[in-house]
1. Are any residues in the stretch 37-56 more than 27 Å from the chain's Cα centre (by Cα) and at negative phi, and if so, which ones?
2. Yes or no: residue 124 surrounded by 15 or more Cβ atoms within 10 Å (Cβ to Cβ) and touching a strand residue (DSSP E or B) at 6+ places or on another chain (Cβ under 7 Å)?
3. Out of the residues in the stretch 10-42 that are in contact with a helix residue (DSSP H, G or I) (Cβ under 8 Å, 6 or more places away or on another chain) and assigned to a strand (DSSP E or B), which is modelled with the highest pLDDT?
4. Could you please let me know if residue 7 is at pLDDT below 85, over 28 Å from the mean Cα position of the chain (by Cα) and more than 30 Å from residue 110 (Cβ to Cβ)?
5. Does residue 222 satisfy being under 20 Å from residue 169 (Cβ atoms) and more than 20 Å from the chain's Cα centre (by Cα)?
6. Restricting attention to the stretch 193-214, does a residue exist that is within 19 Å of the chain's Cα centre (by Cα) and free of Cβ contacts under 8 Å to residues at least 40 places away in the same chain?
7. For the stretch 226-247, enumerate the residues that are in contact with a helix residue (DSSP H, G or I) (Cβ under 7 Å, 6 or more places away or on another chain) and touching a residue at least 12 places away in the same chain (Cβ under 8 Å).
8. When you go through 184, 177 one by one, which is the residue that is surrounded by 12 or more Cβ atoms within 10 Å (Cβ to Cβ), closer than 29 Å to residue 300 by Cβ and over 22 Å from the mean Cα position of the chain (by Cα)?
């Protein structure tokens, strides 16, 4: 006689309780999924565990999630940016045993531009010619810098905030070589497979990769090597070829910085084509450009993506697409 469906279901569910973990095989999806090797009744089996998506079907469900946040531990803060580890399981009498399974970032007070950036929106691929860059985008960058949006960067570089997070300083051969490194605010600071660091340069004349010139190649090579050396020195389980270095365009803020990530970190939107430009490829492109030392990445066309809510799209590229003058003109 065949087993009743409920009996079969119960027996299948009981396998999880019987599973004996032997070792971790893999961790991915930014640490949200793990693959384990273990046994059930002395036979090997592979168990993959993945955290479920957040329930967002109603505002009340979202509020209930927020109400359950507990054991909040501040990892750092700078200007309007703050980041934490916390638990999503709610308060418990055994507080010391609560797992901090949430990484929280808080921007407060935020601006309308922050709200646009973090809202779900349609993306558009755009091609920025040297002419569009010089006539439209460069003035846009300058306006944003003059609004004080780099205060948090200067706070770090000038030693006012986050100094306990700086993992390396390098003065190079002079002020133009100097840079420092610290963890990216989206990294939990412990999971090596999702390692994400930032290298912030001290010089302020390079706002983005557009300002890189052929004469900067020796500096970029020096910067690359020192960043790699510092990272493996701080995290001995890693080797230099475990690391990927890239630059964003458009960047979130207009002060030159390099992202350092573990190559095992799954490539999300911030590492996608149309956003991330490999540092080694930029160096090679500069080396092979025709012209003298002042040959620049400002002289090439770049294709990348923008959200429809971004000011670059609404003020510059959308009007250009429609054959109109950009809003800034």
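1. Across the stretch 37-56, the qualifying residues are 37, 38, 39, 40, 43, 44, 45, 46, 47.
2. Values: surrounded by 15 or more Cβ atoms within 10 Å (Cβ to Cβ): yes; touching a strand residue (DSSP E or B) at 6+ places or on another chain (Cβ under 7 Å): yes.
Judged against the criteria, residue 124 is a match.
3. Going residue by residue through the stretch 10-42, those that are in contact with a helix residue (DSSP H, G or I) (Cβ under 8 Å, 6 or more places away or on another chain) are 27-28, 30-31, 40-41.
Among the residues that remain, those that are also assigned to a strand (DSSP E or B) are: 27-28, 40.
Numbers: 27: 71, 28: 65, 40: 87.
Applying the filter and picking the extreme gives 40.
4. Details: at pLDDT below 85: yes; over 28 Å from the mean Cα position of the chain (by Cα): yes; more than 30 Å from residue 110 (Cβ to Cβ): yes.
Spelling it out, residue 7 is indeed at pLDDT below 85, over 28 Å from the mean Cα position of the chain (by Cα) and more than 30 Å from residue 110 (Cβ to Cβ).
5. For residue 222, the condition - under 20 Å from residue 169 (Cβ atoms) and more than 20 Å from the chain's Cα centre (by Cα) - is met.
6. From the stretch 193-214, those within 19 Å of the chain's Cα centre (by Cα) are 193-201, 207-209; that's our starting set.
Subset that is free of Cβ contacts under 8 Å to residues at least 40 places away in the same chain: none.
The answer is no, given that none of the residues of the stretch 193-214 is within 19 Å of the chain's Cα centre (by Cα) and free of Cβ contacts under 8 Å to residues at least 40 places away in the same chain.
7. Initially, the stretch 226-247 is screened for residues in contact with a helix residue (DSSP H, G or I) (Cβ under 7 Å, 6 or more places away or on another chain), giving 228, 232, 235, 237-240, 243, 245-247.
Correct list: 228, 235, 237, 238, 240, 243, 245, 246, 247.
8. Numbers: 184 fails: over 22 Å from the mean Cα position of the chain (by Cα).
Being surrounded by 12 or more Cβ atoms within 10 Å (Cβ to Cβ), closer than 29 Å to residue 300 by Cβ and over 22 Å from the mean Cα position of the chain (by Cα) holds for just one of 184, 177, which is 177.
The values are calculated or read from the model by the stated rules, or taken from the named source; none is laboratory data. Because the structure is a prediction, the values reported are computed rather than measured. Every residue, glycine as well, gets a Cβ built from its backbone with ideal geometry; the counts of neighbours run over all protein chains shown.
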